[in-house]
Amino acid sequence: MNSVVDFIRRNGLHDGDRLPPERELAEALGISRRALREQLTELELAGQLWRERRIGTVLGRRRAATMPGIDRKLMRASPDEILESRLTMEPAIAALAATKATEADLARIGNCMRRTAEVSGDELWVQWDGAFHLAIAEATRNDVLVALTAAFNAARATTRWRSMRVAAITPEKRRRSVAHHRAILDALLGRRPEEAMQAMQHHLLGVRSNLAD
């Protein structure tokens, strides 16, 4: 099967170049848009490309964050502070996503949810968990909320955070987290904002409990 990597090589594309729109690229590769999005998400997690509304898919690592002051504060914040901030914001983000998500957004969120259930390695699980939350923020069509969620993910990707999260992961905790993700996705698919808000809050409270154990 043709892959995005093959397309990049055949066309001599380099960092900074943009890929064609999803519909056009899927047709060129002879694959479904769902299969294409899965490949793009894998490459994004590997740092080989980044995607942003109004810009498209760009090769290379994501450009510098647009809120460096916020990023610096988050990098210095304690895990408790990060989780408190996420509990304040992400349930409302999920509620907004339930009203504004497109079918493409929901497909991407669903793919991230499935990947958290499928991957075996702890590091990959952490990456897909972050991708799931970012995809929900992107479904709001609000660039400020996307930037804040990306900043939360960046803070959680630091060495201290990653080691803490990986150490806290057990098979049972992962199963519970995946079940939480599924409940959030179900609420989004049903366009139920209040339920999406509650499901996200329940999930983040579970994350805080997991880290405290």
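The values are calculated or read from the model by the stated rules, or taken from the named source; none is laboratory data. Being a predicted model, the structure only gives us computed values, none of them experimental. With ideal geometry, Cβ positions are generated from the backbone for all residues, glycine too; neighbour counts draw on all protein chains shown. Quick note on the areas: whole protein, heavy atoms, side chains included, nothing else; ligands and nucleic acids left out. Shrake-Rupley method; radii C 1.70, N 1.55, O 1.52, S 1.80 Å.
Pull out a ≥ b ≥ c, the square roots of the eigenvalues of the alpha-carbon gyration tensor of segment 130-213, then state rounded if a/c is under 1.5, prolate if not and a/b is larger than b/c, and oblate in the remaining case. Cα axes put segment 130-213 in the oblate bin.
On C-alpha positions alone, give me the angle between the axis of helix 193-212 and the longest principal axis of the chain, in degrees, nearest 10. Roughly 70 degrees, rounded to the nearest 10. Judged by the mean number of other Cβ atoms found within 10 Å, the most tightly packed of the peptides 90-101, 199-210 leads the ranking 90-101, 199-210. The Cβ shell under 11 Å around Arg182 holds other residues with a net charge of +2, Lys and Arg each +1, Asp and Glu each -1.
Dividing the helix sum by the residues of the chain, where each DSSP H run of 4 or more adds -39500 (n - 2.57), gives a mean residue ellipticity at 222 nm of -23500 deg cm²/dmol. Taking amide H atoms as placed 1.01 Å from N in the peptide plane, the amide H of Gly56 has no partner under 5 Å among residues 5 or more positions away or on other chains. What the chain shows is 50 Å² of accessible area per residue, with the surface traced by a 1.4 Å probe over protein heavy atoms.
Placing Met113, Met75 in order of accessible area, with the largest value first and a 1.4 Å probe, yields Met75, Met113.
For the chain, a crude dipole built from +1 on the beta carbon of Lys and Arg and -1 on the beta carbon of Asp and Glu, taken about the Cα centre, is about 180 debye to the nearest 20.
Within the set (1) 89, 47, 40; (2) 50, 37, 33; (3) 54, 37, 30, the number that Cα extents along the principal axes in Å takes when calculated for this structure is listed as (2).
Quick one: grab the alpha carbon gyration tensor of segment 79-147, order the square roots of its eigenvalues as a ≥ b ≥ c, and give me rounded if a/c is under 1.5, else prolate or oblate depending on whether a/b is larger than b/c. It comes out oblate by the Cα gyration axes.
Other residues lying with their Cβ under 14 Å from the Cβ of Asn142 contribute a combined charge of -1, Lys and Arg counting +1, Asp and Glu -1. Largest first, the residues Thr149, Thr158, Thr88 sort by 1.4 Å accessible area into Thr88, Thr158, Thr149.
For the residues Val144, Val178, a 1.4 Å probe over the protein chains yields an accessible-area ranking, largest first, of Val144, Val178.
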